[in-house]
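First comes the structure, then the notes that go with it.
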Amino acid sequence: MSGELNFLVIEDSELDFALIERELNKWPRQVACHRIQKPEELKAALEQPGWNLVISDYNVPGIRFEETLVQVTRCFPGTPVILVSGYIGEEKAVELLKQGVRDFVLKDNLVRFLPAIERCLSDVEDNRRLKQIENELRVSHETLRYVLDTTLDGFWQIDNRGKLIDVNPAYSHQSGYTREELLKMQIADLEAGETAAETAEHIKRIIAKGSDLFESRHRRKDGSIWHVEVSATFHDAAGGQIFSFLRDITERKQAEEELKRSNAELEQFSYAISHDMRQPLRMIASYMQLLDRRLGDQLDAEKREFLNYAKDGAKRLDQMLLGLLEYSRVGRKGEPYIWVDSRSLLEDALLFLRPAITDAQAEVRIEGDWPRVFASPDELLRLLQNLIGNAAKFRIAGRTPEIVVNSTKNAKVWRVCITDNGAGMVPEQIERLFQVFQRLESRVAYEGTGIGLALCRRIAERHGGRIWAESAGPGKGSRFCFELPQEAGQ
């Protein structure tokens, strides 16, 4: 509390009022005293707001103290009243304290006057702060309750044994149980994805970790099952409680299952198309060769050109079908994820690529830390082989290919970057590289089906990672990087 204080002093004695003013002048705070000594003055004073303290004698002609105390309490709730009297009996003093007087001081012992004022004003400030805190807590509680009662996500509060303490209307609606029914239940009564023992162990893990985010299945009152995503946080107050928000993800899970079925059917379709179409294509290629041998010298230059176009088209189509077949196999026939030495896989990839690297007279430099990583070995081998092979293939005539393969790993991801000084790319066209059958270079300059980088992206994304490319422009080289998520400490 700061600034000037306004004290109302009810005192008929000039001498006693002078003594009160003298004591107040010893106080470092600025005080404005308004003295009254008649009933009509008291009435007017009670109509004026802003009194910080009321100081009153017990015996003032025409003014009854007990009535004044009631009026002050009614008009100025929280404003303390100090009784300053010449003499008052102990029993009377106790009675007045019970009625609301904050303190009393005898006029012949004013040494207690200023400490009594300080104590009263301090109590007033403490009460003001307490009420402010209580009001803030009330508003906070009402706001939180409003949020919990209106959110579309379910909410529950449980003790450390799994008993429900609180639930919101959303969870009650989702589960089909009333709030009263739910507050008599345990989590195990609702859980359909875990046994009671597993739920108890899960609660222990949440308490130990402090929080958890997981998916589960709950059973409604009508017996149907719904999928939930649970965000749980442990708070150690009141013996330990867990607060959880539960989101209904039934539609999402159904969509995921439908997407899995659709992807599986699409992969099977791609496999069947790429596999089964090769048989008639081989027949076409075989008859083209027979025509070539039978007709031989009978073909003029134009007809020979037409026949070569047909043979080349059949050959390229066969290569595209082989690429599509390999693309459809990613994730279907790959080895399971294991911890594997990434440097050993790199050496295997370089061994397979040795003819291409030798033919290109490329210089390959290996850098960085090559750790053990969690991946499908055959798919990771194909990923490395494709990217390094591309760096050797897309070279510039007359320029010695320089290829740098760098590996880094932190607590979360493993990153590999392959940098070359080859053909480079137009930056705006880079994203097309990772689409099936997309090429930025002509088939005359560089062979290929345009499926290799799409295969690389499929492998990286199947591992939960990502792949990207960078280039300053045509003729300025390229940099291809992929990241795969990894567990720390391996």
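The values are calculated or read from the model by the stated rules, or taken from the named source; none is laboratory data. Quick caveat, the model's predicted, so the values are computed rather than measured. No Cβ is skipped: glycine too gets one built from the backbone with ideal geometry, and neighbour counts run over all protein chains shown.
For this structure, a couple of remarks:
So that you can scan it fast, the table gives a plain yes or no per residue for (1) of a type outside the set (A, V, I, L, M); (2) part of a strand (DSSP E or B); (3) modelled with pLDDT of 90 or more; (4) surrounded by fewer than 12 Cβ atoms within 10 Å (Cβ to Cβ):
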residue	(1), (2), (3), (4)
366	no, yes, yes, no
384	no, no, yes, no
400	yes, no, yes, yes
424	yes, no, no, no
448	yes, no, no, no
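- Taken over the range 450-470, the criterion of being crowded, with 21+ Cβ neighbours inside 10 Å and either farther than 14 Å from residue 435 by Cβ or not assigned by TED's automatic domain parsing to the domain that holds residue 429 (or both) is satisfied by 459, 460, 463.
- Matching residues in the range 152-188 - criterion: being in a helix (DSSP H, G or I), surrounded by fewer than 17 Cβ atoms within 10 Å (Cβ to Cβ) and in contact with a Gly (Cβ under 8 Å, 6 or more places away or on another chain): 188
- Flag if residue 41 is outside any loop (DSSP other than H, G, I, E, B), in the same structural domain as residue 18 (by TED's automatic domain parsing) and surrounded by 14 or more Cβ atoms within 10 Å (Cβ to Cβ): yes
- One residue from 290, 246, 295 being at pLDDT 75 or above, within 30 Å of residue 204 (Cβ to Cβ) and of a type outside the set (D, E, K, R): 246
- Residue within the range 78-100 that is out of contact with any strand residue (DSSP E or B) (no Cβ under 6 Å at 6 or more places or on another chain), loosely packed, with under 15 Cβ neighbours inside 10 Å, modelled with pLDDT under 90 and hydrophobic (A, V, I, L, M, F, W, C) present: yes
- Odd one out for residue 225, checked against (1) surrounded by 16 or more Cβ atoms within 10 Å (Cβ to Cβ); (2) under 19 Å from residue 253 (Cβ atoms); (3) touching a His at 6+ places or on another chain (Cβ under 8 Å): (1)
- Close pairs from the range 348-368: first over 19 Å from residue 422 (Cα atoms), partner among the small types (Gly, Ala, Ser), Cβ under 6 Å, at least 6 apart: 368/407
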